[in-house]
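First up is the structure itself, then whatever we jot down about it.
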């Protein structure tokens, strides 16, 4: 049996890992043993534990409980913990997702231990190296033995960076294999769509049944940690809401909430004075799927463009 060590740390990674875990559990449980290591990068229950329960994902075998730290300290703690577990478990490969500090730490730990690294969501680029995530993506890709990209653009990015599409197995870090395979997040959205429709009461809770609304997320640190950018984004969306008389549903990320409380209390007061601007706690994956689905349904019905109806930053 092949043993793999899956490293996750943020809620999108938990969601994405559920697709692979489901395939292993349902089809390959006699061939593959999956060990799950949670770095604890997201420590809020709404940002982590809820997703394990809601999506029927096995609880992590290990949790490093790193929590929120500076980039350097957080990554260092993760590298130490991942290395310790990897030495103990001796996996045949380490699997990572996306571009977080957990991804970067696992890539470094795996490379130093000569453990083949599998990067799911490889090749994605913003072409902005001021973003910490961009550095994480690039380093992880160039540490990987198997790279699975969700888009053709990502695949072409890898080719431009020197990856060879003609490499043949057996693959290794010096002769990696690259594959355009599709998006595991889209797979999960389809898989859980009917479940969300049947079980989530978010539409009734927010009094949105049959209503047109905008859905907004705001969590990137270059937006939340820059007071001018944060102010410009939220003031603009608030003005649109008031001008169009349309509700804005804003599940607020903990980072954004802290920034608003500390740097923009007057802006937060104005947002709360707008009865159409609904600031709510982070929602579950099923709730987000349903909000996205109903928002798109409503925009088509009311003649709105889908691009005009969702804002994520």
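The values are calculated or read from the model by the stated rules, or taken from the named source; none is laboratory data. For clarity, every value in this text was computed on a predicted model and none was experimentally measured. Every residue, glycine as well, gets a Cβ built from its backbone with ideal geometry; the counts of neighbours run over all protein chains shown.
Data for the structure
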item	result
Residue selected from the range 193-209 under the condition free of Cβ contacts under 8 Å to residues at least 24 places away in the same chain and either part of a loop (DSSP other than H, G, I, E, B) or in contact with a helix residue (DSSP H, G or I) (Cβ under 8 Å, 6 or more places away or on another chain) (or both), by the criterion nearest to residue 13 (Cα to Cα)	201
Residue 141, sole failed condition from (1) within 19 Å of residue 5 (Cα to Cα); (2) touching a residue at least 24 places away in the same chain (Cβ under 8 Å)	(2)
Matching residues, the range 211-243, being without any contact (Cβ under 8 Å) to a residue 12 or more places away in the chain and in contact with a helix residue (DSSP H, G or I) (Cβ under 8 Å, 6 or more places away or on another chain)	229
Spans of strands (runs of 3 or more DSSP E) in the range 232-313 with at least 1 residues modelled with pLDDT under 80	310-312
Some residue of the range 218-231 being in contact with a strand residue (DSSP E or B) (Cβ under 8 Å, 6 or more places away or on another chain) and assigned to a loop (DSSP other than H, G, I, E, B)	yes
The range 156-192: number of residues that are within 18 Å of residue 111 (Cβ to Cβ), part of a strand (DSSP E or B) and in contact with a strand residue (DSSP E or B) (Cβ under 7 Å, 6 or more places away or on another chain)	2
Residue count for the range 139-155, restricted to those that are assigned to a helix (DSSP H, G or I) and either crowded, with 16+ Cβ neighbours inside 10 Å or in contact with a strand residue (DSSP E or B) (Cβ under 8 Å, 6 or more places away or on another chain) (or both)	6
Of all residues making up the range 110-126, the number that are farther than 14 Å from residue 171 by Cα and crowded, with 24+ Cβ neighbours inside 10 Å	5
Yes/no for residue 41 being more than 24 Å from residue 183 (Cα to Cα) and either modelled with pLDDT of 95 or more or assigned by TED's automatic domain parsing to the domain that holds residue 150 (or both)	no
Single unsatisfied condition, residue 36 versus (1) modelled with pLDDT of 95 or more; (2) over 30 Å from residue 280 (Cβ atoms)	(2)
Residues being out of contact with any helix residue (DSSP H, G or I) (no Cβ under 8 Å at 6 or more places or on another chain), part of a helix (DSSP H, G or I) and touching a residue at least 40 places away in the same chain (Cβ under 8 Å) - total across the range 82-110	2
Tabulated pairs, the range 114-131, first without any contact (Cβ under 8 Å) to a residue 12 or more places away in the chain and on the phi < 0 side of the Ramachandran plot, second surrounded by fewer than 24 Cβ atoms within 10 Å (Cβ to Cβ) and part of a loop (DSSP other than H, G, I, E, B), C-beta under 7 angstrom, 6+ apart or interchain	none
Matching residues in the range 239-255 - criterion: being closer than 27 Å to residue 285 by Cβ and in contact with a strand residue (DSSP E or B) (Cβ under 9 Å, 6 or more places away or on another chain)	240, 241, 246, 247, 248, 249, 250, 251, 252, 253
Residues that are loosely packed, with under 15 Cβ neighbours inside 10 Å and farther than 28 Å from residue 255 by Cα, drawn from the range 192-220	194, 197, 198, 199, 209, 210, 211
